[in-house]
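Notes follow once the structure below has been shown.
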Amino acid sequence: MNKVNCSILCLFFLCLFSTNISTQTTYFLSSISGSDNNDGLSTLSPWKTLDKINNTPLFPGDKIMFCSGQTFTGTLVLDGSGTEMDPIIIDIYGGSDRAVINGENNLCCIYLDNKQGIEIHNLELINDGGTNPNVNATQKRLGIYATAYWGIKKHLVFKNLYIHSIYPNNYQSASEQILYAGTGIEITGFGGNTSSFDDILIEDCEITDVGNVGIIISRWINASNPPPPENTHHKNILIKDNFIHHTGGSGAVFFNVKNFLIEDNIFTWTGYHDSLVEPRQHGTGSCWWGVRCKNGILQNNEFSHVRGAADSHGAHIDIACDSVIIQYNYSFDNEGGFAEYMGSSTNCIYRYNLSINDGWRVKNMPCSNGVTDTAGVP
């Protein structure tokens with residue numbers, strides 16, 4: 001009798017395991033040879049449009065494969081989440097050239113609405129709203145937009161992406177009150193006391209030619225109903241080996257982020273604005289700045305050629321940060337300076353950095369520049 005029960009139990013688990021394996025599906029898309037009447041399950045029968053994959057339920061371990069070098073228009077909106085162990089993977093097939101998603105003036109190229117367990121590789125993202133100002137235009141365009149409304153969402157990976165030409169179809173300069181923002185990647189949590197992300201990796205990406213910020217990771221908190229302390233921050237963030245340049249605003253901005261590492265990146269020409277080249281760029285912004293951030297390290301980065309009338313420093317610790325260390329960085333030719341330090345922060349350190357020919361902004365003091373070595377200076 002025990003042998004029979006054991007056999008039945010083994011058969012049950014074998015069927016369960018087989019079922020889990022069978023639900024992991026790979027979908028293929030080709031904008032040239034595909035058809036939405038195909039089954040989408042092989043390179044010989046790919047789908048054609050983003051609409052088709054947007055209306056397909058996805059499960060942990062599924063893959064979406066875009067044909068290398070081809071362009072797809074609209075917004076990719078995933079209907080499902082993965083897990084840390086079995087993420088939904090978006091990648092390319094048939095070559096080494098990135099596939100292109102052109103948002104064509106939609107809000108974003110990729111929309112991860114309350115999703116988790118997602119990895120995106122080897123794509124080029126474009127979302128240019130046009131050059132004609134329109135007072136009724138939506139104020140935001142993005143490459144990737146990831147939101148958390150309820151619960152802690154785990155595991156987002158963005159690798160080897162080329163994100164550029166991100167602009168709304170209206171704009172305002174830094175001197176005007178309304179900001180029409182073009183952002184490369186925005187990851188944000190709002191709407192609930194546990195709306196945040198845990199485990200984010202952005203690696204080997206190039207972000208350039210955007211109206212405002214390259215990367216925003218933010219957690220908006222209701223001051224009248226604040227969350228418990230363990231849920232106030234996005235956490236466990238790694239920003240590594242990225243090239244972020246010629247952004248109209250800052251290279252990267254963090255609000256309410258903890259346990260983060262930003263290393264081996266090049267931030268250059270942030271806060272950029274040349275009215276003859278691209279008048280839609282904001283025209284001020286530091287390489288990185290953070291508000292209410294804690295337990296973070298910025299190291300081995302290059303901060304250079306920052307421009308703008310306000311802020312526009314290499315690394316800028318803003319208000320109410322705790323235990324943020326900025327070390328082993330190389331900073332040069334930044335209009336505002338290398339370091340900007342705001343109020344109400346604790347245990348924050350600049351050390352072992354090299355600043356060459358940076359600006360110098362201190363209220364009611366004259367400006368100068370030169371060489372500063374912060375070795376051993378807390």
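Nothing in this text is a laboratory measurement; each read-out follows from the coordinates by a stated rule. All values reported here derive from a predicted model rather than from experimental measurement. No Cβ is skipped: glycine too gets one built from the backbone with ideal geometry, and neighbour counts run over all protein chains shown.
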Review point. Quick one: if you stick a label point 7 Å off each Cα along the C-beta vector at Asp97 and Thr49, how many nm between them?
Key: 2.4 nm
Revision key, fill the gap. Each label sits 7 Å from Cα toward the beta-carbon; between Asp274 and Ala309 the label points are separated, in nm, by 2.1 nm
Revision key, fill the gap. Long-range amide H partners of Lys154, meaning residues 5 or more apart or on another chain whose placed amide H is closer than 5 Å, are Gly117, Asp198
**Study point:** Prolate/oblate/rounded label for region 39-78 (Cα gyration tensor, a/c 1.5)
**Key:** oblate
**Study point:** Net charge contributed by nearby residues that have their C-beta within less than 12 Å of Thr26 (K/R +1, D/E -1)
**Key:** -2
Practice item. Compute the FRET efficiency between Ser42 and Ser68 as 1/(1 + (r/R0)^6), taking r as their Cβ-Cβ distance and R0 = 22 Å, and round to the nearest 0.05. Key: 0.90
Review point. Under 14 Å from a point 7 Å along the Cα-to-Cβ line of Trp220: which residues of region 145-159 have their amide N that close?
Key: 146-150
Review point. Each label point is 7 Å from the Cα along the Cα-to-Cβ direction; what then is the distance between the points at Ser35 and Arg351, in nm?
Key: 6.7 nm
Exercise for review: Any of Lys115/Lys235; Lys140/Lys294; Lys52/Lys258; Lys48/Lys159; Lys63/Lys140 with alpha carbons more than 26 Å apart? Name them for me.
Suggested key: Lys140/Lys294; Lys52/Lys258; Lys63/Lys140
Point to revise | Additional length obtainable on full extension of the chain from Asp113 to Thr83, 0.36 nm per residue less Cα span | key: 9.3 nm
Check your understanding: Stretch Ala320-Met342 to full length: gain in nm at 0.36 nm per residue minus the Cα-Cα span?
Key -> 7.1 nm
Check your understanding: Fully extended, how many nm does the chain gain between Thr194 and Glu263 (0.36 nm per residue separation, minus their Cα-Cα distance)?
Key -> 22.0 nm
